[in-house]
Each structure stands twice: as C-alpha cells, then as structure tokens.
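Colleague: Have a look at the structure that comes next, please.
The values are calculated or read from the model by the stated rules, or taken from the named source; none is laboratory data. In this text the structure is predicted, and so the values were computed from the model without any measurement. Backbone-built Cβ (ideal geometry, glycine too); neighbour counts: all protein chains shown.
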Amino acid sequence: MHTQEEKLAAIGRLLTIMDELRVQCPWDKKQTFESLRALTIEEVYELADGISKGDAQEMQGELGDLLMHIVFYAKIGSEQGLFDVKTIADGICDKLIYRHPHIYGDVEVANEQEVLQNWEQLKLKAGRKSVLEGVPTSLPAIIKALRMQEKASGIGFDWSDKTDVWAKVEEEIQEFKVEEQAGNKALMEKEFGDILFSLVNYARFVGIDPEHALAQTNQKFLSRFQIMEELIQADQKELPQMNVEQMDVYWEKAKQVTQPKKG
C-alpha cells in the first residue's frame, strides 16, 4: 500500500485543507461542535451500512468523511484553546500504551479474555466508578445490551455455558407468556425486554453480532417487500386493495427471486 511518510503527508494535506476551508468557506466557517454532532452520527451509520454490505469502496469513502469530521472537531477545539490534532493523537496513544501492558509492559496474558479483563480493571484504576460507566446512554438498545454484557464479561461476570444462556431465553419467554395471558401490558413490555436482552447474550456466546444479524434481516425484508411490490405492479394490481392471502402469493414469488442459489 503506502509508506508511513505518504500516510503522514496525506493527513497533513487534510489538515491544511481544513485550515483553508475554515477561513474561506461560508458553510465551514459557521460550524460548531453542536452543528456537526448530528452529521457525525449520520456518517457513522453510513459507514455501518458500508460494512454490512461488505462494500470496500463505500467504507473507504465513509471513513474519509469521518476522518474529516475528526479533523474538523480538532480545528474548532484548537480555535477555542481546548485541544488540537496533536493532543487528541497523544491522548489516544498514551491510553493504548497504558491499556496494553502485555505489549508495552511486563504483564503476561494467555488469551483474548485476559486482555479484556485487564482492560476493564485498568479503566477502574483510572477513576471509573463502574465497569459499565463507559457505555454511552444514547446507544441503540441492542448495541448497548451487547456492550454492557461484554464489559461485565470482561471482569468475569458471565455465564459459564451457552446452554445456561439459552435456558434463560426460554425462561424469559415463559414469563412473557404468563403476563400476556394476564393481559398486563406494562409487565409484558418488561418481560419482552428481558427476552431480547437474553437473546443478545446468547448471540454473544455463539459469536454472532446481534445488531448485524438484525440489520441483515431488515435488509432481506426490505428487498423482498420491494420485489413483491414490483411484481404486483407488473400485474397491474394495487397493493392496498389486496388481502393478505393475495399478498402472500407475491411474497412467495419474491422469496424465490431473492433466495440464494445452491451450488
């Protein structure tokens, strides 16, 4: 690929361009931390889409957008005397060295699990009051559940076997059914949340990213539904005027179109 010097030169070019835009572009001049926040979140989701699709070209483009945002925040921070690219880079470098004593110190680890356990213990030593303190409040619920479970596991608070985790899933389903039978909506919602949390836990145990799994299913449903709509339109019919049985005929046709071919 590229040499270290070429990579550093590219970053330097981006810093120079940002300096120029901040002075010369009316839009860039007006931006603040707050105005960029929603745009940054959007860029992260666009990157996630690219990763889900396995589209390297899209990933490269979205990573570039995110890198630009980081440089933009650094520029605004520099203008306000808060931080700049150097202090940001120094901060993450120092953190990585501190949290990898098995690489930069004399700590020995046997596997990935011990690395995670050391990581969480070092965070607590650094002043965090809770292992879960670093999980952002505004994360999507499935991702937040997974991150909390991973962090709890990192200090040894975890199930010992996946069969126990699945038993917990089944237990939560039964508890939900009890509340459903009783017609208690508030408790139904609580128990349904417990089901989802347990399913996320099981996915973690068997090495599945639950967010990615659901994203794939969402995309599959979207593709099939849109193909169903196209098939219905091709037959000069109107979707709102059809009943479920008629829709199901076209749904099965759409499934056949999107079904992976067996080799």
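Colleague: If you go through region 231-238 one residue at a time, do you hit one that is out of contact with any strand residue (DSSP E or B) (no Cβ under 6 Å at 6 or more places or on another chain), over 24 Å from GLU171 (Cβ atoms), among the small types (Gly, Ala, Ser) and surrounded by fewer than 13 Cβ atoms within 10 Å (Cβ to Cβ)?
Modeller: We begin by selecting, within region 231-238, every residue out of contact with any strand residue (DSSP E or B) (no Cβ under 6 Å at 6 or more places or on another chain); these are 231-238.
Narrowing the set further to residues that are over 24 Å from GLU171 (Cβ atoms) leaves 231-238.
From what's left, among the small types (Gly, Ala, Ser): 234.
Remaining after also requiring surrounded by fewer than 13 Cβ atoms within 10 Å (Cβ to Cβ): 234.
Yes: region 231-238 contains one or more residues that are out of contact with any strand residue (DSSP E or B) (no Cβ under 6 Å at 6 or more places or on another chain), over 24 Å from GLU171 (Cβ atoms), among the small types (Gly, Ala, Ser) and surrounded by fewer than 13 Cβ atoms within 10 Å (Cβ to Cβ).
Colleague: Which residue is surrounded by the fewest Cβ atoms within 10 Å (Cβ to Cβ), if the candidates are limited to region 106-133 and must be touching a helix residue (DSSP H, G or I) at 6+ places or on another chain (Cβ under 7 Å) and assigned to a loop (DSSP other than H, G, I, E, B)?
Modeller: Checked region 106-133; the qualifying residue surrounded by the fewest Cβ atoms within 10 Å (Cβ to Cβ) is GLU108.
Colleague: Among the listed residues ALA186, ALA213, identify the single one that is in a helix (DSSP H, G or I) and under 30 Å from MET247 (Cα atoms).
Modeller: Values: ALA186 fails: under 30 Å from MET247 (Cα atoms).
Residue meeting the stated conditions: ALA213.
Colleague: Also: Which one of the conditions (1) among the basic types (Lys, Arg); (2) more than 30 Å from GLN256 (Cα to Cα); (3) modelled with pLDDT under 95 does LYS220 fail to meet, given that it meets all the rest?
Modeller: Failing condition for LYS220: (2).
Colleague: Something else now. Could you check TYR45 against (1) of a type in the set (Phe, Trp, Tyr); (2) part of a helix (DSSP H, G or I); (3) in contact with a helix residue (DSSP H, G or I) (Cβ under 6 Å, 6 or more places away or on another chain) and say which number it fails?
Modeller: (3)
Colleague: Kindly establish whether GLU62 is modelled with pLDDT of 95 or more and assigned to a helix (DSSP H, G or I). Please lay out each step first, then the result.
Modeller: Working: modelled with pLDDT of 95 or more: yes; assigned to a helix (DSSP H, G or I): yes.
When the stated conditions are applied, GLU62 passes them.
Colleague: Would you confirm whether or not region 213-226 contains a residue that is of a type outside the set (Val, Ile, Thr) and crowded, with 16+ Cβ neighbours inside 10 Å? Even if it seems obvious, please write down each step before you answer.
Modeller: Of all residues in region 213-226, those of a type outside the set (Val, Ile, Thr) come to 213-216, 218-226.
Add one more test, that the residue is crowded, with 16+ Cβ neighbours inside 10 Å, and what stays is 215, 224.
Yes, region 213-226 has at least one match.
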